[in-house]
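First comes the structure, then the notes that go with it.
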Amino acid sequence: MSPKSFRFLLACCILFPLVALSQTGSSVVQTLTVEVKPVTKIAVSGNPGALFITDANAGSDVLSVSDNNSKYSMMTNLDNMKIVASINSPMPTGTRLMVKLESSKGLSNGFVDVSNAMSPVDVVSGLGKGSDLDQAITYTFAANASVGQINADARVVTLTLTD
Amino acid sequence: MKLIRFLLSLSVLVGCVAADICAQTSSSASQTVTFGVHRSTPVVVASAQTSTISVSEMGFERTSPLKITVGSDVRSHVLSEISNVPSQRSFAEYKSSLSAVKSFSIKSSSAEKPVVTLTE
């Protein structure tokens with residue numbers, strides 16, 4: 001074997017393994033853990049307008065005034081939810097505070113008396129997964145004709161979206 | 001604006017869930033409901049060149065302007081036109097602060113003593 005042929009064969013022996021080891025692809029593996037937690041949210045647009053009874057309708061035993069200027073929005077990823085309402089302290093004797101929540105996703109219970117609802121009372125039921133935006137809240141304040149003057153007072157009504 | 005606030009609250013919730021730090025099965029929102037009862041009784045002020053009307057009887061914030069009748073000249077005025085009420089205040093501002101005002105005066109521009117009637 002001539003020295004020239006020997007060098008050629010030696011070069012082939014060195015380069016062949018390198019060609020055999022060349023990579024055209026590579027992979028790694030990751031495990032992703034995903035979970036959707038229960039999400040429940042209710043928000044209100046603000047406070048309703050003042051409910052002042054300033055005049056009587058002739059022949060009426062009950063005076064009332066309403067406000068529907070506030071709204072609520074809610075969303076949940078749970079089924080069988082409802083909205084309940086409670087008040088921080090009872091209304092004065094001879095007066096009533098009622099609230100009605102509109103609902104396009106559930107069943108509104110109409111006007112619900114929350115005058116003494118220290119424990120929550122249902123106002124909307126049958127809510128499932130989804131959201132409901134800008135639904136009207138209507139408050140009605142009523143006073144018996146026998147009730148005298150009541151200076152401006154306030155109560156905090158809490159709406160809770162729960163199961 | 002309301003929608004933005006709601007979407008913002010949703011995004012906060014989504015972030016909260018992604019961070020695996022909370023799960024909500026109930027949520028609450030509160031509203032303050034203001035109420036009151038005022039029996040509508042006209043306040044009649046006796047003849048006087050300067051009449052002072054107590055508004056303590058009026059109870060609380062007005063929801064509508066009061067009608068003022070001076071003598072036989074039947075005119076409706078908003079309260080901001082009456083003396084002793086800061087003239088720079090708009091009626092809306094005055095309406096919201098009336099509960100804090102105990103009295104105001106009505107002065108006649110003529111020698112005739114007016115009969116002033118204040119009604120709803």
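The values are calculated or read from the model by the stated rules, or taken from the named source; none is laboratory data. The structure presented is a predicted model; accordingly, all values stated were derived computationally and were not measured. Using ideal geometry, Cβ is built from the backbone for each residue, glycine included, and neighbour counts are taken over all protein chains shown. For the accessible areas, the whole protein counts, side chains as well, though only heavy atoms, and no ligand, DNA or RNA atoms are used. Shrake-Rupley method; radii C 1.70, N 1.55, O 1.52, S 1.80 Å.
Brief remarks on what is shown
- For the range A:84-101 and the range A:28-49, distance of Cα centres in Å: 31 Å
- Database remark: amide H of B:T25 closer than 5 angstrom to no amide H (H placed geometrically; neighbours at sequence offset of 5 or more, or on other chains; Pro and chain starts carry no H).
- Heavy-atom surface of the range A:96-163, accessible at 1.4 Å and reported per residue (Å²): 43 Å²
- Relative to the longest principal axis of the Cα atoms of chain A, helix A:3-20 runs at roughly 20 degrees.
- The interface between chain B and chain A buries about 3900 Å² of solvent-accessible area in total (1.4 Å probe, ligands and nucleic acids excluded).
- The largest accessible area among B:T25, A:T76, A:T54 belongs to the first residue in B:T25, A:T54, A:T76, and the rest follow in falling order (1.4 Å probe, all chains).
- Shown in residue order for the range A:29-43 are the 3J(HN,Hα) couplings computed by the Karplus curve 6.51 cos²θ - 1.76 cosθ + 1.60 at θ = phi - 60°: 10, 10, 9, 9, 10, 10, 7, 9, 6, x, 10, 9, 8, 9, 9 Hz (x for Gly and Pro).
- You can think of it this way: the chain between A:L9 and A:V62 has 7.8 nm of extra reach, that is 0.36 nm per residue less the Cα-Cα gap.
- Portion, in percent, of the accessible area of the range A:108-163 that falls on carbon or sulfur, probe 1.4 Å: 47 percent
- Within the assembled protein chains, the solvent-accessible surface assigned to A:D67 is about 10 Å², based on a 1.4 Å probe.
- Note on B:S30 and A:T31: with the Förster distance fixed at 35 Å, the Cβ-Cβ geometry gives a FRET efficiency of about 0.20.
- Take every pair of alpha-carbon atoms less than 8 Å apart whose residues are at least six positions apart; their mean separation over the length of chain A yields a relative contact order of 27 percent.
- Our analysis of the range A:57-135 gives Rg over Rh at 1.05, with the two radii drawn from alpha carbon positions and Rh computed by the Kirkwood formula.
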